[in-house]
Every structure is written in structure tokens, then in C-alpha cells.
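Undergrad: Quick one: structure below, then a few questions.
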Amino acid sequence: MPGKVLVAIGVSDLSKDLVAYSHKIAHEMDLQLDFIHVLEHPSAPWKGYKNWIPEDVLKDAIKAYKFTVKKWLEDAETKYPGAPEHEHQLFVEEGNPADEVIKKSKEGKYSLIIAGYRDDSPIKQMFVGSTTTNIARYASCSVLIYRPGEMPL
């Protein structure tokens, strides 16, 4: 059975590059590759306001996000025209991003997490800390931190 890799992705161009990068590694090393995106509910700090946000907004955001990631995967697949077919799971969770990624990695028995080197929000990073830093610090498996630039072997 091939190793299992969980890739933590967001909504930025960095995540698009991360999908291609992790896909390259998966093809070269025959790894199972799954993706996770965690939606931080806009009202998370003010829990009493969560009921004011229509449920359809969240459902529509998840649907649009899955469509975008599917396009990123299709683009990555074109770089390996003769490669064997494989499936990827895309998990969209709600909560604290680092906590949810770590939880999913344990539940799914992943041997590696790949995450981007920075968060999408510099303000959140400054006040709360980096999701990637927390994943690297607290995950029970190895963590590879992606930085754009040269592709691996």
C-alpha cells in the first residue's frame, strides 16, 4: 500500500502551486494524495453571530472551492499524460485550520502532511500565529513545508 499524504490548502495562488507540487511528488513516489481545506467560520470569534450567516452561503462556498481545486488538479494531471489513474479525496472542514488538519491526519493515518509556508492572511498570522507553524509543531506525523521555487527531484 502506498504512503498517504494529506495536503493542507487554502484559497491563494500559493495553494494552486502547492497542489501541483504535491501532485508531482505523489506521481514520482507512488503516494496516495488527499487534500484538506478548513473554513474558519467568519463569526468564529463571536459565536453568538453564527446563526446570522445563512447556511446556503457556507454550502455555496464549499461547492465553489471544490470546483476550483478540481481545476487545479486537472491542470496538475496534464503534466503526467501517461500516468496511471488515481483518485484524490478533498475534505472541506470548518473550525481551527491547524486543529482540523492534525485531527484529519490522525483519523486517516497519514504519514506526511504538506503545507504552504505562509497563511493567506498576514494579519491573522501576526496576531494568532501561522497555521503551518502549529501543524509542524503539534502533528503526530512528519510535515513538509512548501516554499515556491525549484521543484523537487
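Undergrad: Mind checking which residues of region 68-101 are part of a loop (DSSP other than H, G, I, E, B) and either open to solvent by 90 Å² or more (accessible area, probe 1.4 Å) or touching a strand residue (DSSP E or B) at 6+ places or on another chain (Cβ under 9 Å) (or both)?
TA: T78, K79, P81, P84, E85, H86, E87, H88, Q89, G95, N96
Undergrad: Let me ask something else. N51 fails exactly one of the following numbered conditions: (1) touching a strand residue (DSSP E or B) at 6+ places or on another chain (Cβ under 7 Å); (2) among the polar types (S, T, N, Q); (3) modelled with pLDDT under 75. What is the number of that condition?
TA: (1)
Undergrad: Conditions: (1) of a type outside the set (V, I, T); (2) within 12 Å of the chain's Cα centre (by Cα); (3) more than 22 Å from K63 (Cα to Cα); (4) open to solvent by 80 Å² or more (accessible area, probe 1.4 Å). S105 meets all but one. Number of the miss?
TA: (4)
Undergrad: Among the residues of region 1-28, write down those that are assigned to a loop (DSSP other than H, G, I, E, B) and either open to solvent by 30 Å² or more (accessible area, probe 1.4 Å) or of a type outside the set (V, I, T) (or both).
TA: Kept after step one, since they are assigned to a loop (DSSP other than H, G, I, E, B), are these residues of region 1-28: 1-3, 9-12.
If the condition is that a residue be assigned to a loop (DSSP other than H, G, I, E, B) and either open to solvent by 30 Å² or more (accessible area, probe 1.4 Å) or of a type outside the set (V, I, T) (or both), then M1, P2, G3, G10, V11, S12 are the ones that fit.
The values are calculated or read from the model by the stated rules, or taken from the named source; none is laboratory data. Since the structure is predicted, the reported quantities are computational estimates derived from the model, not experimental observations. Reconstructed Cβ throughout: ideal geometry from the backbone, glycine too, with neighbour counts over all protein chains shown. Side chains are part of the model used for accessible areas, which takes the heavy atoms of the whole protein and leaves out ligands, DNA and RNA. Shrake-Rupley method; radii C 1.70, N 1.55, O 1.52, S 1.80 Å.
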